[in-house]
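Notes for the one structure printed next.
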Amino acid sequence: MNIMTKKRKDLITIRELSVDEINAILDRGDYWADEDNFRISNNARVIDNPIVCNIFFESSTRTRFSFEVAAKKLGYHILNFDPNHSSTTKGETVYDTLRTLESMGVNCAIIRTKEENMLQEVAPQLDLAVVNAGAGAFEHPTQGLLDLLTIRQHFGRIENLKVAIIGDVRYSRVANSNIVALGKYGTEVLIAGPEELLPKDGAKSLGEHCSLRTVDEAVEEADVVMMLRVQRERHPRKDDFDWDTSEGRLQYLERYGLTVDRFRRMNEHAIIMHPAPFNRDVEIDGSLVEHSHSMIYKQVKNGVAIRMAVLERALS
Ligand code: CP
């Protein structure tokens, strides 16, 4: 494939999007977030009967099924690739797998990988659109976009807010996509969490809009309190926390999590976010998950709308 002739639009990282492009996706996501518009519209379709394929090499509930729901709402065909029963178990590479699916007429591959750099390498070699559904600790662009939409719906803006990102920032692709996206709007980001789970080179290494706080300071200062899942599967060595005991989990909650006491010290107008899956009573007190200040299920709902917008963009 000649890279210059590629017609479809990949989405590998938020870095590649301008603020205008992000706003266009959010506007279209907002359109799809309106229940009245949750009908199949063929008007925007540029390929007849588009075929998209979910290819998840890591576990997922939200991303995988919201892409599937999004595709169905758009009237697209969706295939679900099962890595454990595919020829990748015989040594077939991801590129060769995608080239094979492309030869069958698949127009868009939605991929979650353990690797951080694979999609950047394979996408330009393929005619089908490649959408990053989470790549190692690198980025999770559609999560970043749905988080922006959730913030914009609530506050009417993304600029001039303080967003606290708290917890396992070092291993979080969600944090990376949000930090990059918020930086494009000049939004201040407050970073907090256990030292061993914060960026090795300090908060400023993530961008000039980022600065370090204690968890208490971040919670008290922020308009948005975004808690992160502890990414145990990516930690290189045994953690300092004993996750297998209730005492160990409670210790994390009390030191770094959103406790009821910390929630009470949040700004009155502030909202709680978490990309999920969340560990109840570890990153967040279980009683706060469905609190009126919590946007967690709103984020999940917006995930379908944003993924509809991203699929339309990919195939336009
Ligand atoms: N937030 C998120 O990516 O969730 P899943 O791992 O369930 O897709």
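Quick notes on this one:
- Surface exposure of region 171-283, expressed per residue as accessible area with a 1.4 Å probe, stands at 45 Å².
- Translational diffusion of region 207-297 was estimated from the Stokes-Einstein equation, with Rh taken as the Kirkwood radius over Cα pairs; at 10 °C and 1.306 mPa s the coefficient is 115 µm²/s.
- Reachable aspartates and glutamates, given that their alpha-carbon falls under 17 Å from the alpha-carbon of residue 72 and they are not under 8 places away in the same chain: 34, 35, 36, 48, 312
- Convex hull volume per residue in cubic angstrom - Cα atoms of region 1-146: 120 Å³
- Positive minus negative residues near residue 188 (Lys, Arg vs Asp, Glu; Cβ under 11 Å): -2
- Estimated [θ] at 222 nm from DSSP helical runs (n ≥ 4, -39500 (n - 2.57)) normalised by residues in the chain, nearest 500: -11000 deg cm²/dmol
- Sequence-distant lysines (8 or more away, or on other chains) whose Cα lies within less than 22 Å of residue 90: 114
- Assigned charges on the beta-carbon of Lys, Arg, Asp, Glu; region 247-316 dipole about Cα centre (debye): 260 debye
- Global dimensions of region 56-109 from alpha-carbon coordinates: Rg and Dmax equal 12.1, 35 Å.
- Stretch in the chain that is longest and holds no GluC sites (Glu not before Pro) that DSSP places in a loop and that have at most 16 other beta carbons within 10 Å: 209-267
- Gain on full stretching of the segment that runs from residue 265 to residue 20 - 0.36 nm per residue minus C-alpha separation: 84.6 nm
- When +1 charges are put on Lys and Arg Cβ atoms and -1 charges on Asp and Glu Cβ atoms, the dipole computed for the chain relative to its Cα centre reaches about 800 debye.
- Cα-derived Rg to Rh of region 141-286, Kirkwood definition: 0.94
- Over 21 Å (Cα to Cα) - which of 7/298; 73/298; 204/301; 9/162 fall in this group: 7/298; 204/301; 9/162
- Computed over region 192-253, the P(r) curve from all C-alpha pair distances, binned at 10 Å from the origin, holds 17, 47, 31, 5 percent per bin.
- DSSP beta bridges in region 89-243 [antiparallel fraction, %, rounded to 5]: 5 percent
- Student exercise, region 42-154 dipole from Lys, Arg, Asp, Glu Cβ charges, in Debye to nearest 20: 440 debye
- For region 116-165, the equivalent ellipsoid derived from the Cα gyration tensor has semi-axes of 29, 13, 8 Å, listed largest first.
- Divide the volume of the convex hull around the Cα atoms of the chain by the residue count and you get 138 Å³ per residue.
The values are calculated or read from the model by the stated rules, or taken from the named source; none is laboratory data. These numbers were taken from a predicted model, which means no experiment stands behind them. Here Cβ is always computed from backbone atoms with ideal geometry, including for glycine, and neighbour counts include all displayed protein chains. Accessible surface areas use protein heavy atoms only, side chains included; no ligands, DNA or RNA. Shrake-Rupley method; radii C 1.70, N 1.55, O 1.52, S 1.80 Å.
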